[in-house]
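Trainee: Sending over a structure as structure tokens; questions will come in a sec.
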Amino acid sequence: MQHKAKSIRPFIGAENFEISRSFYRDLGFEERVLFPNMSLFLTDGLGFYLQDAYMKDWVDNTMVFLEVDDVSRHYNELLALNLPDKYKGVKLTPIRNHPWGRECFLHDPSGILWHFGEFVK
């Protein structure tokens, strides 16, 4: 089977849609409003759908991994945004080293866990 895929876009939920929209714009994603209750957020041709929908079990078990070219630079840029002070519930976890590479973690205002990482070259 040949997919000939062009993108993959997960759907994530938001406990407070407007706060989450603001959070992702602050993170540097470009927002395209699709409907009053759904937006597409893009960066470098990659994207995800943010929905005005929230089920605690779903959101608490949602993780997204975004591979970046330099996790140290990315972490420092995240620190400079001061997101935990700006958004309730946001938590930034420092870089961890693994045999496969390095990553840091960011919980969004709804609890979605983002992994920002780079693989061993």
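Trainee: Restricting attention to the stretch 59-70, and to residues there that are open to solvent by less than 80 Å² (accessible area, probe 1.4 Å) and not aliphatic (A, V, I, L, M), which single residue is nearest to the chain's Cα centre (by Cα)?
Mentor: Only one residue fits best here, namely THR62.
Trainee: Select from the stretch 10-52 the residues that are open to solvent by 80 Å² or more (accessible area, probe 1.4 Å) and touching a Leu at 6+ places or on another chain (Cβ under 9 Å) and write down the one among them that is nearest to LEU81 (Cα to Cα).
Mentor: GLU30
Trainee: Determine, yes or no, whether SER7 is hydroxyl-bearing (Ser, Thr, Tyr), more than 16 Å from ILE112 (Cα to Cα) and in contact with a Lys or Arg (Cβ under 9 Å, 6 or more places away or on another chain).
Mentor: Spelling it out, it is not the case that SER7 is hydroxyl-bearing (Ser, Thr, Tyr), more than 16 Å from ILE112 (Cα to Cα) and in contact with a Lys or Arg (Cβ under 9 Å, 6 or more places away or on another chain).
Trainee: Can you say whether PHE23 is of a type in the set (Phe, Trp, Tyr), at pLDDT 95 or above and touching a Lys or Arg at 6+ places or on another chain (Cβ under 9 Å), as far as the supplied structure shows?
Mentor: Yes: the conditions hold for PHE23.
Trainee: Here's something else I'd like to know. Would the stretch 45-53 turn up any residue that is over 19 Å from LYS91 (Cα atoms), in contact (Cβ under 8 Å) with a residue 40 or more places away in the chain and out of contact with any helix residue (DSSP H, G or I) (no Cβ under 9 Å at 6 or more places or on another chain)?
Mentor: There is at least one residue in the stretch 45-53 that is over 19 Å from LYS91 (Cα atoms), in contact (Cβ under 8 Å) with a residue 40 or more places away in the chain and out of contact with any helix residue (DSSP H, G or I) (no Cβ under 9 Å at 6 or more places or on another chain).
Trainee: Another question, then. Open to solvent by 20 Å² or more (accessible area, probe 1.4 Å), free of Cβ contacts under 8 Å to residues at least 24 places away in the same chain, not in a strand (DSSP E or B) and not β-branched (Val, Ile, Thr): does that describe ARG73?
Mentor: Answer is yes for this residue.
Trainee: Any residue that is among the aromatic types (Phe, Trp, Tyr), within 11 Å of ILE12 (Cα to Cα), touching a strand residue (DSSP E or B) at 6+ places or on another chain (Cβ under 8 Å) and not in a strand (DSSP E or B) - is there at least one of those in the stretch 48-64?
Mentor: Looking for residues that are among the aromatic types (Phe, Trp, Tyr), within 11 Å of ILE12 (Cα to Cα), touching a strand residue (DSSP E or B) at 6+ places or on another chain (Cβ under 8 Å) and not in a strand (DSSP E or B), one finds at least one in the stretch 48-64, hence yes.
Trainee: For the stretch 108-121, name all the residues that are open to solvent by 50 Å² or more (accessible area, probe 1.4 Å) and either part of a strand (DSSP E or B) or charged (D, E, K, R) (or both).
Mentor: Matches in the stretch 108-121: PHE119, LYS121.
Trainee: Something else now. Output yes when any residue across the stretch 82-89 is open to solvent by 80 Å² or more (accessible area, probe 1.4 Å) and either in contact (Cβ under 8 Å) with a residue 12 or more places away in the chain or assigned to a strand (DSSP E or B) (or both), and no when none is.
Mentor: Within the stretch 82-89, the first condition is being open to solvent by 80 Å² or more (accessible area, probe 1.4 Å), and the residues that meet it are 85-86, 88.
This time we only want the ones that are either in contact (Cβ under 8 Å) with a residue 12 or more places away in the chain or assigned to a strand (DSSP E or B) (or both), so: 86, 88.
Yes: the stretch 82-89 contains one or more residues that are open to solvent by 80 Å² or more (accessible area, probe 1.4 Å) and either in contact (Cβ under 8 Å) with a residue 12 or more places away in the chain or assigned to a strand (DSSP E or B) (or both).
Trainee: For ASN97, which of the numbered conditions (1) part of a strand (DSSP E or B); (2) within 16 Å of the chain's Cα centre (by Cα); (3) exposed (fewer than 11 other Cβ atoms within 10 Å of the Cβ) fails to hold?
Mentor: That leaves (2) as the condition not met.
The values are calculated or read from the model by the stated rules, or taken from the named source; none is laboratory data. Just so we're clear, the structure is a prediction, and the values are computed from it rather than from any experiment. Every residue, glycine among them, receives a Cβ derived from its backbone with ideal geometry; neighbour counts consider all protein chains shown. Surface areas here come from the heavy atoms of the whole protein model, side chains and all, with no ligands, DNA or RNA. Shrake-Rupley method; radii C 1.70, N 1.55, O 1.52, S 1.80 Å.
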